[in-house]
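Structure, as structure tokens:
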């Protein structure tokens, strides 16, 4: 490494400048700083703040097996063809079982890996409660400030993760597919209420018409006011690219609606409140961790297990010196 | 309501006594106090602490559509036939779309609803990050102290929720079924590493042999030491009850192994550490919420959205007076 490149690695402004100029390694390093909560993160966030607010953040979620990664790849191709700069943050449980070999669908996206206007990154979250909420918003900020027009946040699974993605994205794209259990299961998992756009993927398979009909019925049960956004259902076959233009158009329409209705600012302010609170809470947690009492957690847990103490009394003891 | 019953409602000891004697309404009220973080919770937790540690907590998770609720119902019937007292805490995203009508599988469990040795409760978590971690451990403690032998914690979906269930349960039962996407999807979702026992449900359907074979192959890729527990794969057809005795026997074997290996205490101490930390963190969060600075969160979020402030600086301002 030359002295100049070493200096560039250390200097936030130089890293940001290089990333803006299309240096993929500089960008990767910025995102790594986020993931590691590095000390340089603060000056970086301060430096980029004025440049944020331009990227359209699209959350992509759905059950395992619906073809989320293939959809993400097809959307990347679409945006790329339009000359946009596009990022993908894939939030993936980092299982020891998935240490690369099983991530075939990531590999499918690698066709974009040599394109410096496409940035793809798997964010590790395993073991963190609310892990998505920690690093992902900051990584989004970086991609936004660097000049990415569209950022897809792809998350595996349903449940907590999908609640979190709804709080991160401007537009939530929910992927469904026929043959993965019935639509009542989909409704149970709570995805209907967070979806801004549905991609009914694998639409060439049997059952897709029924799935669309069932989703329509369920959406009709929800009450929409006159100016409300009604989530469109777009049939896609991501593997062939069929329906992707229509899907992108639906996403664009939602963004236009967000801007016109004032919802965009509302969503982003809610997101900022969440980010600020999470950082403040992390700071409080760290302060608590630095208390002498925290080293007593093991002992307190033993007493709780033995029935000698209840968890509330234990928490009081833990915080006693704060 | 009589004066005596009003007094009983207010008095933690009386509530606990009534619940122990089989009063289902008293028990339901205790669990409600947990869900609402009521002030009476602390004396209740203090009173029950010495009686905890006896129930075997079985976490039940798996993708939508594998038949988790039917499995839970079949296990309840099995334990009930053995004379055990059994609780089910179903952790369910409380979507406005699922306000009762779609919860057909809950209804299936209602055959046990009039049996005072069976307690079934849906815990609402929607909108809470880490919601499962908040109320469920305390509800588990109550069922444990009241004298429930087995408690099933059923969670919908994969992802964060399943990481959380692994931290709550003595034994993690992962339900899989053929035809819901391939086993690589299952591995991607990270369930292999948390499973203590697999129920290969709907085993009368095509593809179940292949699913078992694929899971065996993937489990063989994991390295087990000589004394390690190797998760058994038990074929079940919960709808007919086939395989349920074998499944319960596998769960019992795991509990015996936990006790003999010392892992039971390790898991429970880890669980207690998590509980204590969560309560302490909630307390810190509350203190932060009471700071004058917290009322400024909206204003700070606006400045962040406008690019005038970064979220870290905003968090600093929020905490400035703490």
(request) Test residue B:19 against the criterion of being modelled with pLDDT of 90 or more and buried (at least 22 other Cβ atoms within 10 Å of the Cβ), and give yes or no. (result) yes
(request) Report yes if residue B:173 is buried (at least 23 other Cβ atoms within 10 Å of the Cβ), at pLDDT 85 or above and either within 10 Å of another protein chain (Cβ to nearest Cβ) or under 13 Å from the mean Cα position of the chain (by Cα) (or both), otherwise no. (result) yes
(request) Filter segment A:273-306 down to the residues that are more than 9 Å from chain B (Cβ to nearest Cβ) and under 30 Å from residue B:300 (Cα atoms), then identify the one that is modelled with the highest pLDDT. (result) A:286
(request) Could you tell me which residue of segment B:258-272 is nearest to the other protein chains (Cβ to nearest Cβ), considering only residues that are without any contact (Cβ under 8 Å) to a residue 60 or more places away in the chain and farther than 15 Å from residue B:136 by Cα? (result) B:269
(request) State yes or no: is residue B:83 within 30 Å of residue B:249 (Cβ to Cβ), modelled with pLDDT of 90 or more, in a loop (DSSP other than H, G, I, E, B) and in the same structural domain as residue B:122 (by TED's automatic domain parsing)? (result) yes
(request) Collect the residues in segment A:39-53 that are more than 10 Å from every other protein chain (Cβ to nearest Cβ) and surrounded by fewer than 16 Cβ atoms within 10 Å (Cβ to Cβ), keeping them in residue-number order. (result) A:39
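The rows are residues; the columns are (1) within 21 Å of residue A:63 (Cβ to Cβ); (2) without any contact (Cβ under 8 Å) to a residue 40 or more places away in the chain; (3) touching a helix residue (DSSP H, G or I) at 6+ places or on another chain (Cβ under 8 Å).
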position: A:207; (1), (2), (3): yes, yes, no
position: A:215; (1), (2), (3): yes, yes, yes
position: A:221; (1), (2), (3): yes, yes, yes
position: A:232; (1), (2), (3): yes, yes, yes
position: A:241; (1), (2), (3): no, no, yes
position: A:249; (1), (2), (3): no, yes, no
(request) Name, by its number, the condition in (1) in a helix (DSSP H, G or I); (2) farther than 23 Å from residue B:218 by Cα; (3) away from chain B (no Cβ under 11 Å); (4) at pLDDT below 60 that does not hold for residue A:133. (result) (3)
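The values are calculated or read from the model by the stated rules, or taken from the named source; none is laboratory data. What you see is a predicted model; the values in this text were computed from it and never measured. We place every Cβ from the backbone using ideal geometry, glycine too, and count neighbours over all the protein chains shown.
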